[in-house]
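Trainee: First, the structure itself, so that you have it in front of you.
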Amino acid sequence: MLFPDFGDPAPELRCHFSLRIKIGVELLQHLLPSQSQLRLETGSLDTVRKHFSLVVTSVQTNSHCPICQNASHRIHSRYQRTLEDLPCSNYAVTLVLQARKFFCINPACQRRIFTERLPQVTEPWARRTCRFAERLIAIGLALLRCRRQPS
């Protein structure tokens, strides 16, 4: 049963419900920092804490070693990164990024294992998305300008 509280919707309404879900997922996909690098897997909404949590994965098929720049498709492992993103409608947004580590296939390279880089999304080791960091910097600079202006 799709909706236990209300019973299974009539056949003519099933299409309407699935269309609403599809539109919601497409909308959330378009709100991601980079639609070309990320795919939305799941999401959750906490109305009490006013918080969106979106689980995303990289859609890149390979990644380049940061030392030798060789492309590699050999995945070593996966790990999670938690990134704060721009708020949306007074809700805090957290991206839970399912990132990967790759083997460097260049035998002459010093780096054997490296993490995939997503430069349109975040900097290496950052806890915020690039666009959120840029917005915070802009706010800080605006406040600094206001403070320096004579009253």
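The values are calculated or read from the model by the stated rules, or taken from the named source; none is laboratory data. Keep in mind that this is a model prediction, so the values were computed, not measured. Neighbour counts are summed over all protein chains in view; Cβ atoms, including those assigned to glycine, are modelled from backbone coordinates with ideal geometry.
Trainee: Could you list, in sequence order, the residues of segment 99-129 that are of a type in the set (A, V, I, L, M, F, W, C), under 19 Å from residue 37 (Cα atoms) and surrounded by fewer than 18 Cβ atoms within 10 Å (Cβ to Cβ)?
Mentor: Hits for segment 99-129 are 125, 126.
Trainee: Oh, and also: Of all residues in segment 57-69, which are touching a His at 6+ places or on another chain (Cβ under 7 Å) and either surrounded by 11 or more Cβ atoms within 10 Å (Cβ to Cβ) or touching a residue at least 60 places away in the same chain (Cβ under 8 Å) (or both)?
Mentor: The one that is touching a His at 6+ places or on another chain (Cβ under 7 Å) and either surrounded by 11 or more Cβ atoms within 10 Å (Cβ to Cβ) or touching a residue at least 60 places away in the same chain (Cβ under 8 Å) (or both): 62.
Trainee: Within segment 93-104, how many residues are over 18 Å from residue 125 (Cα atoms), assigned to a strand (DSSP E or B) and at pLDDT 95 or above?
Mentor: Matching residues across segment 93-104 total 1.
Trainee: Another question, then. Quick one: which residue in 86, 54, 13 is modelled with pLDDT under 95 and either surrounded by fewer than 15 Cβ atoms within 10 Å (Cβ to Cβ) or among the basic types (Lys, Arg) (or both)?
Mentor: Only one candidate passes the filter, namely 13.
Trainee: Here's another thing I want to ask about it. Name the single residue, out of those in segment 105-135 being charged (D, E, K, R) and outside any loop (DSSP other than H, G, I, E, B), that is farthest from residue 67 (Cα to Cα).
Mentor: Within segment 105-135, the match that is farthest from residue 67 (Cα to Cα) is 135.
Trainee: Let me ask something else. What are the residues in segment 68-97 that are closer than 13 Å to residue 53 by Cβ and polar (S, T, N, Q), if any?
Mentor: Across segment 68-97, the qualifying residues are 80, 82, 94.
Trainee: Right, another one. Taking residue 34 and the conditions (1) in a strand (DSSP E or B); (2) within 13 Å of the chain's Cα centre (by Cα), which numbered condition does it fall short on, given that it satisfies the others?
Mentor: Result: residue 34 passes all but (1).
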